[in-house]
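Undergrad: Please read through the structure below; I'll follow up with questions.
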Amino acid sequence: MSRLETVDGTNWREFVGASVALLVIGKSDCGACAAWAEELEAFLATDTEWPHVRFGKMYVDKPGLIEFKRASPWLADVDELPFNQLYVAGERSKAWPGGGIDRLVTRLGGIGRAEPPP
């Protein structure tokens, strides 16, 4: 089962309200968005450092997201996709455009790693 969840109009509130969540915002016809999602899926398939982080992708050109868009006025200023928005305890934290696992890990490092198993 993939750790990269699909976030839509039915589950976005619960997703962004998680203790730590990374939302990847894109469009369904965006090649760079698809490439970043693929790279992230491959990373998550073997990741053991970030099990406490929820990862999700949202395509803003899909129907049913009007409530998310109204609750996220900052979205109007996003001009480069994919766009990554990190949420901590339901609040917006770090945000950045583009992909790249190294960039992701650097930003996640600021929130701390999960405790290793005993």
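Undergrad: Taking amide H positions as placed in the peptide plane 1.01 Å from N, state which residues far from Lys94 in sequence (5 or more) or on other chains have amide H under 5 Å from it.
TA: Leu86
Undergrad: Considering only protein heavy atoms and a 1.4 Å probe, what is the carbon-and-sulfur percentage of the accessible area of the chain?
TA: On the way: 3480 of 6610 Å².
Heavy-atom surface of the chain belonging to carbon and sulfur, 1.4 Å probe: 53 percent.
Undergrad: Within the chain, what's the longest run with no trypsin sites (Lys or Arg not before Pro) in a DSSP loop and at most 16 other beta-carbon atoms within 10 Å? Give the range, please.
TA: The reported range is 28-112.
Undergrad: Taking amide H atoms as placed 1.01 Å from N in the peptide plane, list the residues 5 or more away in sequence, or in a different chain, whose amide H sits under 5 Å from that of Arg54.
TA: Here Val20, Ala21, Leu22 satisfy the definition.
Undergrad: 222 nm [θ] for the chain, helices only, -39500 (n - 2.57) per DSSP H run of 4+, per residue, to 500?
TA: Taking each H run of at least 4 residues, the total per residue is -8500 deg cm²/dmol.
Undergrad: Heavy-atom accessible area per residue, the chain, 1.4 Å probe: how many Å²?
TA: Values: 6610 Å² over 118 residues.
The answer is 56 Å² per residue.
Undergrad: Continuing with the same structure: Which entry in [x] 22, 16, 13; [y] 26, 17, 13; [z] 45, 20, 9 is this structure's computed semi-axes √(5λ) of the Cα gyration tensor in Å?
TA: Of the listed options [x] 22, 16, 13; [y] 26, 17, 13; [z] 45, 20, 9, [x] comes from this structure.
Undergrad: Right, another one. Between the helical axis of 31-46 and the dominant principal axis of the chain, each derived from Cα atoms, what acute angle in degrees is found, rounded to the nearest 10?
TA: 20
The values are calculated or read from the model by the stated rules, or taken from the named source; none is laboratory data. As the structure is a prediction and not an experimental result, all values here were calculated from the model. Virtual Cβ from ideal backbone geometry, glycine too; neighbours counted across all protein chains shown. Accessible surface areas use protein heavy atoms only, side chains included; no ligands, DNA or RNA. Shrake-Rupley method; radii C 1.70, N 1.55, O 1.52, S 1.80 Å.
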